[in-house]
Structures are given as structure tokens and as C-alpha cells.
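Rule-based calculations on the coordinates, nothing more; no lab input. Given the structure is predicted, the values throughout are model-derived calculations rather than measurements. Note that each Cβ is placed from the backbone with ideal geometry, even for glycine, and that neighbours are counted across all protein chains shown.
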Amino acid sequence: MFVYILNKDGKPLMPTCPRKARLLLKAGKAKVVQRTPFTIQLLYGSSGYKQDLTLGVDSGFKHIGLSAVSEKAELFSSEVKLRTDMVDLNSERRQYRRTRRHRKTRYRQSRFLNRRKPEGWLAPSIQHKLDSHKKVVAQVCSLLPVSQIVVEVASFDIQKIKNPDVSDFAYQMGEQLGYQNVRQYVIERDGRQCQGQKRCRAERWEVHHLVSRKTGGDRPENLILLCDQCHALYHAGNLTLKVKPSPGFKAESFMSMVRWRLIGELQELHSIPVRATFGYLTKFRRKALALKKSHATDAFVIAGGATQPRNDVRHFQQQVRKQNRKLFKGAHSHLKNTAPRFVHGFQRFDKVLFQQTECFIFGRRSTGYFDLRTLDGAKVHASAKAKELRLLEFASTLLIEQKIEA
């Protein structure tokens, strides 16, 4: 276990043991800056002794692994769970805005002259994940004097994943070659036969989205052929489809799009060497060291970790929404049971202490009862009283808890 130290000017120094930190605090030579990870700041000048530290980043679509390693030990280890609801929320916001333009509400400036996207524009969901990677890396660099960053990148051939035999000119001959549109391709692919009830003989077809179009899109893998009768039965809740929706290739597309951009922006942001590594190298080294697969372990290997002792404290982080951005919550709102932001001084995602257990507020009632859980979803109490809680940390978009690894 380490205690992270900042100098008088707020710059990170090498971490120390809890005993030395306790003596500094008791002597009045330092103050507590942060509870998790526990960080103190010196109140006097320091020589600023530093070692070479490498930060390994196991980048990903849903999870990020982080590990800071020196020649002697692993000084920081963390796993971050990213948000996956951005596409759905952006689609919902677009729907609200389209509806709002036809209502008599307050004036909105015309947008006919600002439709051009700036250079380097990314879709909001992709940009958010890119910014999240930079945010968690900056978080570690604010705790430790990192001297270089190593990021695992990957490039995926989507057509090769779909068809391992594709090569040469076959890349130019996609699965929809010769069809006028996606609808015609789906009808011919399914053999003009209803996929809901195989014995249907209807002549009117409906191309059905397995996952809502606003999140799943119009990919052929997300479409199946149904007759008009089965389509109506499904939306009425009287028919269950046995077809499983395709997971798609969002993660692979994200990694292919932002891998070099992430490295370039980290280089510019922190002004230290940033280099890339690849997944097959990480896998080979991890197996050679006989380590169990995890995002934090991969980051340890990426950072050059081998025989160094692992940090016995593992930090787990989960990214959450700051607020739902709904401007109006009143008697005429469709959110009838929405509690106020603060209930008895507590808000959603505050870290609290309940019966010697550290947990987070995941739900609240205006009567003063709270739903308490840990980051892995384990329920601590479904209806805890406000007077039984003690506030430990204010809510943040990155919730963090630490666990002692065996």
C-alpha cells in the first residue's frame, strides 16, 4: 500500500509508506488532499527525488486498465469501467429537440449556417470515450511523476472478421454487391421466408430491426424479414423471436479509429514520450509470466512489469452520468416521482459509510431512504435511513473504490 505525495506546488513526487505519511500529518508538515487514492501535500519545500516510472494503458471500448511500474515495484493499479449509454442518450436528445422545434417555446437561434463539421470531428460517443481515456491517464499523472506512457493499440479488419477467406479484390465485393438497397438484400438473404413463424405465407414483408434503429442502426446483421402479421404480433407483445441480435463491431471500430489519435493527443498533453504496443505482444508476455487475464494485469505487462511485486491495492472505477440534463422537473413533467438532487444532504453517487461498509448511493427517495450498492452492483441495503449514513466523498463522474488483493 502506498500514499501518494504532492510537493508544495502540487507536483507529484514518489509515493511513500502509510507510516511516514502519518508522521508528516501528525507533525503538521503535510495536509490531506484526497481520500481515494489517499494523497497528501507537503507544506514545505522538497528536493523532489523521482524515479523512472512507466504508465501502461490497456485501452478499450468498455474497460481501461492502468498500471504505473518502476524498476522496483508496481505503484498504482486500476481498472475503469466506461459508460456505454451515450448512443442511446444522444438519440433520445435528438428526438426531444426535433419535437421541441414544432412547439411554441422560447426562441432558438437558426442553425442553417453552422452545419459544417470541424476538421477532425468524431461522433459524440467516440469523442466521449477518447476524452475518457485522456482523463484517466491525466488522473494517474497527477498522482505520480510518470516519465513515459505505453498504450496498447489495435487495428481490426472487419471484413476479415466476417469472412476469414476474403483477400485481394474480394474486399471490393461486399455482401450487398448486386442489390439495390439493404431491404432487397435482407429479403433475398432470408429466402423470402418469415423468420418469426417459418410457416407464414404472407406476401407483404416487413424488415424488422432486432435492436432499435437509433442504437443498432440499419446494418444487415440487425435486420430480419418478418411478414406483416408477425411484425404486428411482435410489437403487440404476442410473439417472441428466437433470433439473437448481432453484437456488432462498435469496439473494433472505435479502436481502429482513435488508436493513433489517442497517442498523439497524450503526447501533446503531457509532453513525455508516448509509444504504442500491440495486443499479441501483451498476450505473449502475460502467458510467459503465468499471470491471470485482467485489464489491470494487461496494463502491468504493457508497462514493462515482470518480476516487480504487484501493488496489493487495486482501484476500481466506474464512469457515471453527472446529471440527466432534464431542464424541467415539475408538476407537468413526465417524471412524476423524481426526487430532488439533494435529500437530507446526500445526492446520487455520493460515497457513504453505512455500518462500517463503504458504498455508494445508487437511488434515493424524498422521504430520506437510500439504495446503497458497491461498484460491482452488490446490494448493501435497499432502504437505508439518512441518519445511518456518513458522507465520505462527494459524487463524481468517476466513482472509485479500492480493494485489497489477496
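Before moving on, here are some points about what is shown:
- The calculated FRET efficiency for Thr397 paired with Asp165, based on their beta-carbon distance and R0 = 51 Å, is about 0.70.
- Restriction of the GluC sites (Glu not before Pro) in segment 6-86 to DSSP coil positions whose beta-carbon has at most 12 other beta-carbons within 10 angstrom yields Glu71.
- Calculated mean residue ellipticity at 222 nm for the chain: -8000 deg cm²/dmol, from DSSP H runs with n ≥ 4 weighted as -39500 (n - 2.57), summed, divided by the residue count and rounded to 500.
- At R0 = 60 Å, FRET efficiency that the Cβ-Cβ distance of Met1 and Ser155 yields, to 0.05: 0.95
- Under 21 Å between alpha carbons - lysine pairs in segment 1-117 that sit 8 or more apart or on different chains: 17
- Gyration tensor (alpha-carbon) shape descriptor, segment 175-235, a/c threshold 1.5: oblate
- In this structure, Ala378 and Arg83 have a Cβ-Cβ separation that, at R0 = 22 Å, corresponds to a calculated FRET efficiency of about 0.65.
- Virtual paramagnetic centre 7 Å along Cα→Cβ of Met14, amide N under 11 Å, in segment 45-62: 48-53
- Cα shape, segment 34-175, gyration tensor, a/c 1.5 rule: oblate
- Modelled spin-label separation between Ser91 and Lys322, with each label point placed 7 Å from Cα along the Cα-to-Cβ direction: 2.6 nm.
- Added length on full extension, which subtracts the Cα-Cα distance from 0.36 nm per residue, Glu388 to Gln127: 89.9 nm
- Note that the chain shows a convex hull volume over its alpha carbon atoms of 243 Å³ per residue.
- Net lengthening on full extension, Arg98/Val243 (0.36 nm per residue, minus Cα-Cα): 48.9 nm
- Gain in span if fully extended, Lys287 to Glu203, counting 0.36 nm per residue against the direct Cα distance: 24.6 nm
- Taken along the Cα-to-beta-carbon direction at a fixed 7 Å, the label points for Arg213 and Arg183 span 1.0 nm.
- Counting only DSSP beta bridges with both residues in the chain, the antiparallel share comes to about 75 percent.
- Cut-off 20 Å, label 7 Å out along Cα→Cβ of Val313, residues of segment 65-87 by amide N: 65-81
- Restriction of the GluC sites (Glu not before Pro) in segment 165-272 to DSSP coil positions whose beta-carbon has at most 16 other beta-carbons within 10 angstrom yields Glu175, Glu203.
- Filtered trypsin sites (Lys or Arg not before Pro), segment 133-242: DSSP coil and at most 15 other beta carbons within 10 Å: Arg192, Lys198, Arg199, Arg201, Arg204, Lys242
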